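Notes follow once the structure below has been shown.
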Amino acid sequence: MPTTSMRSINDFRASSSTLSGAPSLTMSKPSLNNSKASLTHSRQSLNESNREDRPPTREELISEFLDKAKFYTSLCLGTTAILSVFAFLFLIPFVVDPAISTIVADYDPIPVTCVVTDHTYAEGMRNCTWSSCREGCTTAAIRCHQLLVNYTKIAFHEWHKHPRDLDSIEWDVMDTKFLVNTEGCGYPPRVNCTEFANQYGYAHVGEPFPCYYSRAYPEIVVARYSWDDNLKHLILSLIIPNVLFAVSIGVLSYWYCPCCDKACHKSPRVYAEKYPTKENKLLCRSDDEEDELDY
């Protein structure tokens, strides 16, 4: 009995010592995790230092250059798109609208013979209700030259070869307004009203000169007209801003719009897998025929 009791006492002491040692093991786990984290951090810092010490590779240099080129190209394309919009809005009243008005007026491309019958120089907005020439198409005329002409449909080159007496001519239209161009206005140096008045008015009243009349509106007579120049300016003012805007927006959308990128790189297999192939259709037909024969 005493031997048995001694053994039980020893077993109890061993178990108690084991239980007392268990917390020490649990307390050592956080320290192990901390050591692992510090080791990982030291490895990362070592890798970063090695990356900083070693020179960049050729692929890294090319990738960095392409990123910079894409950024500056995107900046230029965005600026181009914005400027194209403003340029087109600016060209509408100054180029597009006069060009369309000129086309609608349908001027005779062969110059006819005109004669100035009256030249009036006026000042003040009340007196300048209309003007043969105005420098600036968006401001009201304070000083104006008003020229009236008679014209005949005799071509000027024929008149120049065979001059005729002005008193014996039957004028097609008399005392109509004479304009420098379709709009009657413009901007220097293309339009200079002082030179216009010196060329056609004052001392040149009663002298024949070439002019262009409108076949759609016979009462409109202009001093300058060119079908080729008018069409060229209209096409350029419509195409250049719109093409620049479309190209800029298209490239930017392709680079930065995820939907456009997916649409451009979409695989055709997505659509092909929706429908059975010819081989599958033939197999299905053969199976149906066999089932009918068996039946």
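The values are calculated or read from the model by the stated rules, or taken from the named source; none is laboratory data. Remember, it's a predicted structure, so these values are computed and weren't measured experimentally. Because the Cβ atoms are built from the backbone with ideal geometry, glycine has one as well, and the counts that use them run over all protein chains shown. Surface accessibility is based on the protein's heavy atoms, side chains included, excluding ligands, DNA and RNA. Shrake-Rupley method; radii C 1.70, N 1.55, O 1.52, S 1.80 Å.
Tabulated data for the structure shown
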{"read-out": "All positions within the stretch 95-134 that are within 19 Å of Arg190 (Cα to Cα) and touching a Cys at 6+ places or on another chain (Cβ under 9 Å)", "value": "Pro98, Ser131, Ser132, Cys133, Arg134"}
{"read-out": "Test: residue in the stretch 166-178 that is assigned to a helix (DSSP H, G or I) and at positive phi", "value": "no"}
{"read-out": "Whichever residue in the stretch 179-212 is open to solvent by 90 Å² or more (accessible area, probe 1.4 Å) and outside any loop (DSSP other than H, G, I, E, B) and, among such residues, is nearest to Val112 (Cα to Cα)", "value": "Gln199"}
{"read-out": "From the options Phe71, Phe156, residue that is of a type in the set (A, V, I, L, M, F, W, C), more than 24 Å from Val221 (Cβ to Cβ) and open to solvent by 30 Å² or more (accessible area, probe 1.4 Å)", "value": "Phe71"}
{"read-out": "Single condition Phe245 does not satisfy, out of (1) open to solvent by 70 Å² or more (accessible area, probe 1.4 Å); (2) at pLDDT below 95", "value": "(2)"}
{"read-out": "Check on Phe88, farther than 20 Å from Val191 by Cβ and in contact with a Phe, Trp or Tyr (Cβ under 8 Å, 6 or more places away or on another chain)", "value": "yes"}
{"read-out": "Given (1) under 30 Å from Val191 (Cβ atoms); (2) of a type in the set (S, T, N, Q); (3) at pLDDT below 95, index of the condition Ser253 fails", "value": "(1)"}
